[in-house]
Amino acid sequence: MVMYKRSGAMNKKSKYLTLMIAFIAACSAPKKIPWEEILLRDGTGYLYHSSSELENRGPYVRGLYGAHNLFDGNPATCWSEGAKGAGMGESVSIAIDEGTKVIILRNGYAKSDRFFRDNNRIRQAELSILAGIHIPGEVTETGLLFSALPFTKTKTITLTDSMKPQKIDFPFNWKTLERFKRTAERRFKKINRDKLSAAGQEPRTVFILRLKILSVYSGDKYDDTCLSGISFENKSDSAEMRRETAKKIYVDESQNAILMTDEDGHTETLVRDTKSIFQIVDISDDGKWLIAIHMPADISHTRVETDYRLYNTELKKMVPSKLIADGAGELYGFDGKGEDTVLLYADNKEMTDKRIAISRIYDKIK
């Protein structure tokens with residue numbers, strides 16, 4: 001009898017421990033960010049998507065209140081969400097240029113003061129970024145199909161209740177987004193090998209800015225939330241701009257060599273190979289380090305093998321990838337300045353992004 005009770009108690013304890021372990025495992029397991037399918041339509045030079053629109057006339061007709069109105073520069077037209085109620089959670093998504101510096105929004109239905117007051121205006125909105133990847137050929141009669149991976153961070157903005165254009169500084173770091181894009185591309189290629197092989201072309205990647213309505217200024221007459229315009233100021237301190245303003249390091253016209261020109265106009269060759277083509281990815285702020293993509297000059301084949309190379313411009317040396325890390329793959333760029341400069345790269349063995357102090361690499365090659 002005693003043994004029976006003890007056995008029952010141990011069974012209960014065992015079940016309890018099993019449930020606790022399962023609960024802890026579930027809580028500690030990393031959350032997988034899901035991909036989403038999104039169809040981007042072409043509107044006045046922008047690829048865009050809206051979650052809904054007022055008086056939607058179907059996929060083949062641009063409605064009176066469609067999101068294409070956001071890009072025509074005309075305050076007398078607008079995008080109006082078409083959901084029930086004030087449209088909380090409704091959104092518009094736009095493919096944007098890398099390096100975008102400022103977002104310019106014209107709130108409400110800015111056709112006139114009466115139209116503006118009659119309809120809802122956005123009070124607060126959530127801004128988010130997605131890496132959208134398109135396989136050539138995946139199109140419909142109305143747009144391009146993208147697989148999109150959301151960036152983990154979002155930003156909440158508050159708009160004033162005004163018809164005047166409002167400028168919002170782009171709230172995300174472009175270097176961080178570039179690393180995120182590389183990670184998304186690597187994951188996408190891993191799970192879509194067959195599709196990419198059949199397409200025979202490299203996928204196209206764009207950054208997608210999504211604006212989601214969180215709260216509104218209520219209209220006097222209608223419960224429809226409107227936005228009359230969105231535009232952008234480009235570009236921020238991109239790698240290309242830094243190359244133009246910093247130390248003159250460039251690829252020659254043949255693309256077979258990387259050259260360096262000092263302040264006196266004296267030109268030296270960092271690397272030259274007539275059987276290769278080079279493209280500069282990034283240059284450190286002090287001009288002492290350079291990342292380049294290397295590929296064969298004969299690109300007649302559908303698939304081209306490329307590799308990333310790190311150079312020290314003072315020593316005129318290429319750094320073997322094994323000195324960066326075992327398994328180092330794509331080199332994304334540099335972060336920081338001077339002695340605090342770090343190299344950002346992909347670890348293909350651990351399938352993650354990493355960084356290494358550039359001073360550690362210098363100690364290995366000097």
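The values are calculated or read from the model by the stated rules, or taken from the named source; none is laboratory data. Values in this document were obtained by computation on a predicted structure and should not be read as measured data. Note: ideal-geometry Cβ built from the backbone for every residue, glycine included; neighbour counts use all protein chains shown.
Key figures
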| read-out | value |
| --- | --- |
| Residue match in the range 70-80 (condition: at pLDDT 95 or above, under 13 Å from L209 (Cβ atoms), in the same structural domain as L209 (by TED's automatic domain parsing) and assigned to a strand (DSSP E or B)) | no |
| When residues of the range 39-69 are limited to those that are hydroxyl-bearing (S, T, Y) and at pLDDT below 90, the one surrounded by the fewest Cβ atoms within 10 Å (Cβ to Cβ) | Y60 |
| Residue ID - farthest from N256 (Cα to Cα), chosen from residues in the range 266-291 that are among the small types (G, A, S) and either surrounded by fewer than 20 Cβ atoms within 10 Å (Cβ to Cβ) or modelled with pLDDT of 90 or more (or both) | G287 |
| Residue that is in contact (Cβ under 8 Å) with a residue 60 or more places away in the chain and part of a loop (DSSP other than H, G, I, E, B), where the choices are T160, T142 | T142 |
| Check on S197, assigned by TED's automatic domain parsing to the domain that holds R121, free of Cβ contacts under 8 Å to residues at least 12 places away in the same chain and small (G, A, S) | yes |
| Exclusive hit being out of contact with any strand residue (DSSP E or B) (no Cβ under 8 Å at 6 or more places or on another chain), at pLDDT below 95 and over 23 Å from S228 (Cα atoms), set E141, E98, E178 | E141 |
| Residues (farther than 19 Å from F207 by Cβ and touching a Phe, Trp or Tyr at 6+ places or on another chain (Cβ under 7 Å)) located in the range 69-100 | N69, C78, W79, S80 |
| Conditions (1) part of a strand (DSSP E or B); (2) of a type in the set (F, W, Y); (3) closer than 22 Å to D223 by Cβ: number failed by F151 | (3) |
| Residues of the range 330-358 satisfying the condition of being farther than 26 Å from K248 by Cα and crowded, with 19+ Cβ neighbours inside 10 Å | A346 |
| Residue check, Y308 of a type in the set (F, W, Y), at pLDDT 90 or above, within 23 Å of R187 (Cβ to Cβ) and buried (at least 18 other Cβ atoms within 10 Å of the Cβ) | yes |
| 1 or more residues of a type outside the set (S, T, N, Q) and under 12 Å from I291 (Cβ atoms): qualifying strands (runs of 3 or more DSSP E) within the range 314-363 | 317-319, 328-335, 342-347 |
| Complete set of residues in the range 160-205 that are more than 20 Å from D282 (Cβ to Cβ) and hydrophobic (A, V, I, L, M, F, W, C) | M163, I168, F188, I191, L196, A198, A199 |
| Residue in the range 29-38 that is within 30 Å of G219 (Cβ to Cβ) and at pLDDT 75 or above present | yes |
| Residue within the range 72-83 that is under 30 Å from N173 (Cα atoms), surrounded by fewer than 21 Cβ atoms within 10 Å (Cβ to Cβ), under 28 Å from the mean Cα position of the chain (by Cα) and not aliphatic (A, V, I, L, M) present | yes |
| Hits in the range 147-169 - residues which are more than 24 Å from the chain's Cα centre (by Cα) and among the charged types (D, E, K, R) | D161, K164 |
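Listed here are the residues, each with its yes/no results for (1) among the hydroxyl-bearing types (S, T, Y); (2) in the same structural domain as K354 (by TED's automatic domain parsing); (3) farther than 18 Å from A357 by Cα.
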{"residue": "I277", "(1), (2), (3)": "no, yes, yes"}
{"residue": "W289", "(1), (2), (3)": "no, yes, no"}
{"residue": "H294", "(1), (2), (3)": "no, yes, yes"}
{"residue": "Y308", "(1), (2), (3)": "yes, yes, no"}
{"residue": "M318", "(1), (2), (3)": "no, yes, no"}
{"residue": "I324", "(1), (2), (3)": "no, yes, no"}
{"residue": "A328", "(1), (2), (3)": "no, yes, no"}
